[in-house]
Each structure stands twice: as structure tokens, then as C-alpha cells.
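In what follows, a structure is listed as C-alpha cells, so that the remarks can point back to it.
The values are calculated or read from the model by the stated rules, or taken from the named source; none is laboratory data. In this text, all values refer to a predicted model and were calculated from it rather than measured experimentally. Positions of Cβ are backbone-derived with ideal geometry, glycine not excepted, and every protein chain shown enters the neighbour counts.
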Amino acid sequence: MKRFAQFFAGRARSFACAFRGLFLLVATQRNARIHAVATVAVVALGAVTGLSRTEWCLIILAIAGVWCAEALNTAVELLGDAVTREQHPLVGKAKDVAAGAVLVSAIAAVIVGAFVFGAHL
């Protein structure tokens with residue numbers, strides 16, 4: 001029974017760290033706040049237009065993709081800043097690549113949204 005309790009205590013700590021990370025993301029990153037507003041708007045539009053289960057799955061995957069890319073981009077930026085505050089070409093390239101991933105995911109999400117909502121609007 002003790003191992004069972006330790007297992008769940010460890011999972012609770014992991015979830016607490018994850019939620020702390022999400023809070024940090026939204027609290028410190030302007031683009032994450034823009035994504036939050038877009039997420040609320042898309043979910044509201046989905047509720048109003050009566051999306052099908054499949055359409056909701058596509059929208060949720062698109063939203064999650066953007067949020068994951070933004071979180072990983074922020075993690076790369078924070079790690080790069082921890083390594084050096086000076087301009088370093090490799091750190092700069094890593095940050096640019098991570099930002100590119102956010103751009104790709106955002107463009108893909110807009111395309112998914114256009115296909116899904118285009119049929120309803």
C-alpha cells in the first residue's frame with residue numbers, strides 16, 4: 001500500500017510541475033496569451049456552429065499542436081538564455097528553429113480551422 005501511495009504522490013508532483021509550467025508560459029509569454037485568446041475564440045465558435053465529433057478532434061489537435069510548439073519554443077529560449085546571455089550563433093539558430101516550429105503549427109492550425117469552419121460559415 002505504501003508503494004501505491006508513493007506512486008500517486010509522485011504523479012501528483014509531476015502534474016503540479018506541469019501546471020506550474022503552463023502557468024509560467026501564459027504569465028510570461030505574450031504569444032502564449034495570444035494563443036489563449038485564439039483558443040477561447042475557436043472553442044466558442046465551435047460551440048456556436050455545432051461541430052461534429054470528428055471536427056472537434058481536428059480542432060483540438062490543431063490547438064494542442066500550437067500550444068506544444070509554443071511551450072517547447074519557450075523552453076528552448078529559456079535554456080538558451082541560461083547557457084549564455086551573449087549572442088551565440090548556435091543558441092540563436094536553436095531559437096529560430098523553435099520559433100519556426102511555432103509558425104508551422106500556427107499556419108497548419110489556421111488551415112485546419114479554415115477547412116472545418118468553412119463548411120459551417
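Which residues, counting only those in the range 93-121, are more than 16 Å from LEU79 (Cβ to Cβ) and of a type in the set (Gly, Ala, Ser)?
Residues satisfying the conditions are GLY100, SER105, ALA106, ALA108, ALA109, GLY113, ALA114, GLY118, ALA119.
Of the conditions (1) without any contact (Cβ under 8 Å) to a residue 12 or more places away in the chain; (2) crowded, with 16+ Cβ neighbours inside 10 Å; (3) not in a helix (DSSP H, G or I), LEU51 satisfies every one except a single condition; which number is it?
Tallying (1) without any contact (Cβ under 8 Å) to a residue 12 or more places away in the chain; (2) crowded, with 16+ Cβ neighbours inside 10 Å; (3) not in a helix (DSSP H, G or I), LEU51 fails exactly one: (1).
Does the range 1-48 hold any residues that are modelled with pLDDT under 95 and either outside any helix (DSSP H, G or I) or within 21 Å of ALA98 (Cα to Cα) (or both), and which are they?
Matches in the range 1-48: MET1 only.
Which ones in the range 15-35 are surrounded by fewer than 11 Cβ atoms within 10 Å (Cβ to Cβ) and either farther than 20 Å from LEU79 by Cβ or charged (D, E, K, R) (or both)?
Residues satisfying the conditions are PHE15, ALA16, PHE19, ARG20, ARG30.
In this structure, does GLU70 turn out to be at pLDDT 95 or above, of a type outside the set (Ser, Thr, Tyr), in a helix (DSSP H, G or I) and in contact with a His (Cβ under 8 Å, 6 or more places away or on another chain)?
yes
Within the range 73-118, take every residue that is assigned to a helix (DSSP H, G or I) and among the hydroxyl-bearing types (Ser, Thr, Tyr) and give me the one that is surrounded by the fewest Cβ atoms within 10 Å (Cβ to Cβ).
Residues of the range 73-118 that are assigned to a helix (DSSP H, G or I), as a first pass: 73-83, 89-118.
From what is left, the residues that are among the hydroxyl-bearing types (Ser, Thr, Tyr) are 74, 105.
On the way: THR74: 19, SER105: 22.
For the range 73-118, the residue satisfying everything is THR74.
Filter the range 58-99 for residues that are within 18 Å of the chain's Cα centre (by Cα) and of a type in the set (Asp, Glu); which is nearest to ALA119 (Cα to Cα)?
This residue is GLU70.
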